[in-house]
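Asks: Below are the C-alpha cells for one structure; questions will follow.
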Amino acid sequence: MFNFNPLLNEFPEYKPSYSKDLKNMINLSKNENPFDIPDEIKNIFFKKIQEINLNRYPELTSDTIRQKIADFFNYYFRNYEITLDKNNIIVGNGSDELISYTIKIFNGDHVIVCPPTFEMYEFYSTLNNVGIKKVPLNNNFEISEVEKKVDENTRLVFICSPNNPTGNLQPEEEILKVLKTGVPVVMDEAYADFSKTSMIKYLEEYPNLIILKTFSKAFGLAGIRAGTLIANQSIVNQIMKIKSPYSFNVLSEKMVETIIENYDYVRKNIDYIIHERELLSQDLKAYTMKSDSNFLLLDLSKIKDITADSAYEFFLQNNIIVRKYEGVLENKIRVTIGTKEENQIFLECFNELLNYHNLRFTKEL
Ligand code: PMP
C-alpha cells in the first residue's frame, strides 16, 4: 500500500538535518531552469495583472488560455502540420495535477509504469486505489516489449520521454507498439523541449495518445505551477467533467500567456542549457550516458569507494544540492544543468571528490 512520499526525496533540502541557508546553495536537485524570468518579461506580466480584476474568478473553463496554448503549439510544431484548438487542451496547476486526472478517467485495475521513472505516476495511482504493473526499462534505460504487458485490465500506460531520472529519449518505434494496442498512453514530455522532439505528431493517428507538457522546466516557470495536457476532444471532455472549476488561477493564466508571447527568450534559454549540457556531458562522459533533457544521471559505481550517499554529502558540504536515489539507481546521482558558473563549480567539486578518493585509494595501496 501507500508507504512512500516521493516529495521527501524530490526536495532533499527540506530534510531537517541540514540547516544551511538555501540562498547560498547551488540547487541542482530539482531540474529547474537556472534562470529567473528577466525583468522586461516580468514587467509585461505585471502590466497584464494590473489590467484585470483580481476580485473576479478566472474563466470557468480557461477557454482563452487554452486557445492561446493551442495556437502556440500549432505554430511551434508547424513542421508536423498539427491543428489543435482549445478542445484539445487542458491546463493544470502543474502537470502533476494533470497526471492525477488521467488516472481517474479510464477503467481498468492497474496502470503500467516503466521504472526507474518519475515517481508521481505511482504516487497518484496509489492515491486513487489503482494497482501498478511495473515493466522495468532495459539496460539502456529504454522501454522494451511494454505492449506485451498490456491486457484488458490495463487502465493506461505512462511513458516519460525524455525519461526522468535517466535523461534519455524513449525509442519512437517502441512507443508506437504500445500505442497500437489501443490502450491510453500518457506521454510525459516534461523535458521534451530539451530534445526538440515530440510525439504530438501522432495525435491525430492515435486517439489513445495523451501528451503532458509543463511550463516548469524549459519555460522557467516552476513557481507559477502550470502544466498542459494535449489530447483528442473526447479525452479532454472527460477530464473537464472531473476537473475542479477555476483551478487555473489568473496569475498562472497571464504568466503563461506572457511567456508564450515571448517565446524567443525561451528558445535562447533552451539553447543555452543544451549547450551547457553537452559541455558537462563531455567532461563527465566516463560517468554518464547521453542526455536529452536538462539533467545528467551520473553513475558513481565506476569509482571505487564513492557511494551516492557519500557524494551527496560531499556536494552538500560544498553548498551544492544534487539528487540521490535508492534501489536500482542506488549508485547514481542526478544533476540538473545550471548556469555556466554553477556547472563549473559542480565540475570542480566533482574533480575534488575524485582526487580525494584516488588519493586515499593510492595511499591504501
Ligand atoms: N513530469 C516529470 C517527468 C517531471 O520530472 C515533473 C517535475 N519534476 C513533472 C512531470 C511535474 O512538473 P510540474 O508539476 O511542475 O508541471
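Asks: For helix 63-76, what angle does its Cα long axis make with the longest principal axis of the chain, in degrees from 0 to 90 and rounded to 10?
Replies: In the chain, helix 63-76 runs at an angle near 60 degrees to the longest axis.
Asks: Could you compute how much accessible surface residue 225 exposes when probed at 1.4 Å, giving the result in Å² to the nearest 10?
Replies: Accessible surface of residue 225 is approximately 80 Å².
Asks: A further question follows. Calculate, for region 54-261, the solvent-accessible area per residue in square angstrom, rolling a 1.4 angstrom probe over the heavy atoms of the protein chains. Walk me through the intermediate numbers first.
Replies: Values: 8270 Å² over 208 residues.
On a per-residue basis, 40 Å².
Asks: Further question: Taking all protein chains as present, what is the carbon and sulfur share of the accessible area of region 281-365, in % to the nearest whole number, probe 1.4 Å?
Replies: Values: 2140 of 4260 Å².
That fraction is 50 percent.
Asks: Under 17 Å from the Cα of residue 177, which lysines turn up, not counting those fewer than eight places away in the same chain?
Replies: Output for residue 177: 148, 149, 201.
Asks: Mind putting a number on the dipole of the chain about its Cα centre? Charges go on the C-beta only, +1 for Lys and Arg and -1 for Asp and Glu, and I need it in Debye to the nearest 20.
Replies: Taking the Cα centre of the chain as origin, the dipole is about 360 debye.
Asks: Scaled to the compact-protein estimate 2.2 N^0.38 Å, what is the alpha-carbon radius of gyration of region 222-288, rounded to two decimal places?
Replies: After normalising by residue count via 2.2 N^0.38 Å, the value is 1.66.
Asks: Still on this structure: When the gyration tensor of region 63-117 is built from Cα positions, what are the square roots of 5 times its three eigenvalues, in whole Å, from largest to smallest?
Replies: 27, 15, 11
Asks: Here's a follow-up. Radius of gyration and Dmax for the chain's Cα atoms, expressed in Å?
Replies: My reading of the Cα-based Rg and Dmax gives 21.0, 72 Å.
Asks: Which pairs in the list 30/133; 104/134; 217/324; 213/324; 196/217 are over 22 Å apart, alpha-carbon to alpha-carbon? Please list the in-between numbers first.
Replies: Numbers: 30/133 26 Å; 104/134 19 Å; 217/324 20 Å; 213/324 25 Å; 196/217 14 Å.
Checking Cα-Cα distances, 30/133; 213/324 exceed 22 Å.
Asks: Separate question: Based on the Cβ-Cβ distance from residue 201 to residue 132, what FRET efficiency comes out when R0 is 35 Å, to the nearest 0.05?
Replies: Result of the calculation: an efficiency of 0.75.
Asks: How much of the calculated P(r) for region 86-151 lies past 14 Å, in percent of all Cα pairs?
Replies: On the way: 1322 of 2145 pairs.
Tail fraction, whole percent: 62.
Asks: For region 131-179, I need the span (max minus min coordinate) of the C-alpha atoms along each principal axis, in Å, sorted largest to smallest.
Replies: On the principal axes, region 131-179 reaches 30, 22, 16 Å in Cα extent.
Asks: Leaving out ligands, DNA and RNA, what percent of the accessible area of region 54-261 is carbon and sulfur, probe 1.4 Å?
Replies: 46 percent
Asks: Still on this structure, I have one more. Run through the DSSP bridge list for region 54-261 and note the antiparallel percent, rounded to the nearest 5.
Replies: 35 percent
Asks: With the cut-off at 1.5 for a/c, could you classify region 219-365 from its C-alpha gyration tensor as rounded, prolate or oblate?
Replies: prolate
Asks: So for the pair residue 244, residue 47, with labels modelled 7 Å out along Cα→Cβ, what separation do we get in nm?
Replies: About 3.3 nm separates the two model spin labels.
Asks: Considering only DSSP beta bridges where both residues belong to the chain, give the percentage that are antiparallel (nearest 5).
Replies: On the way: 16 of 33 bridges.
Of the beta bridges lying entirely in the chain, close to 50 percent run antiparallel.
Asks: Per residue Cα convex hull volume for region 54-261, in cubic angstrom?
Replies: 112 Å³
Asks: Calculate the all-directions average of the projected area of region 158-286's alpha-carbon convex hull, and give it in nm².
Replies: 9.5 nm²
The values are calculated or read from the model by the stated rules, or taken from the named source; none is laboratory data. All figures in this text were calculated on a predicted structure; none of them were measured in a lab. So basically every Cβ, Gly included, is an ideal-geometry build from the backbone, and we count neighbours across all protein chains shown. For the accessible areas, the whole protein counts, side chains as well, though only heavy atoms, and no ligand, DNA or RNA atoms are used. Shrake-Rupley method; radii C 1.70, N 1.55, O 1.52, S 1.80 Å.
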